Structures are given as C-alpha cells and as structure tokens.
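One structure is given below, encoded as structure tokens.
Just so it is clear, none of the values below were taken in a lab; they were calculated from the coordinates. Since this is a predicted model, take the numbers as computed values, not measurements. A quick note on method: Cβ atoms are made from the backbone with ideal geometry, for glycine too, and the neighbour counts reach across all protein chains shown.
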Amino acid sequence: MLAQRAQLPDGRWHFQHGPMDIVIGAHGSPASVDAAHAAAWQRFTGILDELVQELVALRRPVQGDCPVLGPIARRMWQACQPFQRSFITPMAAVAGAVAQELVACYERSGVTRAWINNGGDIALHLEPSQSVRIGLYADIARLGLDEIRDGILTDGQFDVSSVLPVRGVATSGWRGRSFSLGIADSVTVLARTASEADAAATVIANAVDLDDERILRRPACELKDDTDLGYLLVTVDVPPLEPDRVQQALRAGLKRAQTLRAAGLIWSAALVCQNQIVTTGDPATKKLENRRAHQQLGSVFA
C-alpha cells in the first residue's frame, strides 16, 4: 500500500500509510506553510519502510546499548530508555516519535505554529507568543455518529503556550488503539517532546491498576500475532468498579506520574478512570478537574 494524502475542508492535511494516520495543521505565511507541508509529505512517504527495516529490534525490550540506527528508531529507544527497569520496548514511543520527526519540517521561518496529531499523540511547533488549545475526549466508546457530524464536545481543555517547556502531548489507556497493562481509560501526558510524552503515558497508564478478579485480561499475543508484548496480560474489559477502588488505581498511577515529574521526564499528567480524574496539580492540567473530564484523547485545536 502506498502512502496517501488528502487536504481536509478546513485546510489541514491527512497523511495515511499502513498504521500511521496523521492529521496536520499549521499557521503562518501561505508560502512557508505550503513548503513545510511539502517537506513533511516527502519525509512521511519513507517512514514506514524505514521502521520496518528495524522492526525486529524495535520489538525487543529496551536494555543495554541502543541497537537501532534510524533517527526515528533511535528516538523511540531513547524515549523508553529511562523506563528499562520495567518491561518496555521502543514501540511504546512509535507514534510520538513519528509525529516529532514530521514537526521538524515546520520549524522554519514563516510558520508560526503547527501540530502533528498521530492518532492522539501530538508534536507541537510554537513560535514565541503562540499557543494551542488541546481538548480531552475521555471515553472514546461513547463517541457516536451524531457527535461526529454535529461537532465533538470535549470533556476538558487546556492550553499549551510557547513559554512552557512542552512540545509533546500523548495519551494512553486500555480503551485506546494500543494495549495497556492497566485500567486507566486515559492518561494524558505533557512533556518536552512527543516521543517522551508517548513513552511516559504508556508507563503511567500501566501503573493505574489494581488486583480485581472482575477485570478481564488476556495475553497480548492471543489478541495480536505480531505484538511486542508477547504473553504479558493486557486489559480487555473493565466493569464498573466501586469509586474507592477506582481511586485506589488512580492513586497508584498518580504516584508514578509524580515520580516522573520530579525526575524531569514529564511536565504534567491527567489520569482518568470511570469518570474520576486526578492530575499532577500544575496549572496546565489542574483546571481539567473543574470540567470533570472522563477517559481517551480526542484532540481539538484553537
């Protein structure tokens, strides 16, 4: 299958190739933005083949010296390296690393801001005095055709301005397109880069967990033949739980998030499970609590 692209009615671009499904928006002078879009498309067309060449190594747990050579593959490995004491493969950062590779095409004179949204894992380019608003859409299971047609109502929103050391936003959880070891409906992380946010969101979402026989888990390899998780048990269904049990799981994830924040690996995080939310308490995500956000990222920009 060849890479495909189409311009959306509002001027954004949609790039698609295999599992990569990307929406790109940019503002600035028309000539600069058009040149950036052209450069991004040229780079995008070769990414899938580049990653496939090193896929075997990318599906192995991160340990020792970096075994991969490509710039995106190395970025994936480096983003996951801080978490190598627990099981993690570079694939935990693939979506964010791809978005980060493409956003570099927009870091040029005349482009004031841009975003690369790779399935909810987002890389940002912000010139001074620029900002972007990101909407949290928590429970992807409740998204219906009517809402898609009439306009998506986000569960909460937060602004990322150029003064913040944040150029990456990522979300992970058991309801998302990737497997999770935990029960978080969503964990949204803001970090310096999209690849770092992607890896950290995976780790924190895995930590939102508790022992409960009602939670259904299955070996990842039974659900997907080529998964990098092998026989690890991943979450496939979470029934309604008592509020105190939900809080217990969220506290476990929040403890992990706060540790990563103290280590400088993330800027902030919002953790959601069954209509309850906790955050790391910084201004970027604190106001989400007032909106009672629910569960997986649906990104809205303004």
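Using Cα springs under 10 Å in a Gaussian network model of the chain, which residue among Leu55, Leu233, Leu69 shows the largest mean-square fluctuation? Result for the chain, Cα springs under 10 Å: Leu69 fluctuates most.
When you have a sec, figure out the Kirkwood radius of region 10-140 from all distinct Cα pair distances and drop it here in Å to one decimal? Show your work: numbers first, answer last.
Numbers: mean 1/r = 0.0636 Å⁻¹.
Hydrodynamic radius (Kirkwood, Cα only) of region 10-140 equals 15.7 Å.
State to the nearest 20 debye the size of the charge dipole of region 4-291 about its Cα centre, where the only charges are +1 on K and R beta carbons and -1 on D and E beta carbons.
Taking the Cα centre of region 4-291 as origin, the dipole is about 560 debye.
As I understand it, the dipole of region 4-291 uses +1 on the Cβ of Lys and Arg and -1 on the Cβ of Asp and Glu, about the Cα centre. Which of Ile24, Tyr231, Leu69 lies farthest toward its positive end? With unit charges placed on the Cβ atoms, the residue in question is Leu69. Looking at region 160-235, the trypsin sites (Lys or Arg not before Pro) that sit in a DSSP loop and have at most 14 other Cβ atoms within 10 Å of their own Cβ are Arg177, Arg214, Lys224.
Our summary of shape: the Cα atoms of region 4-291 have principal axis extents of 57, 44, 40 Å, ordered from largest down, in whole angstrom.
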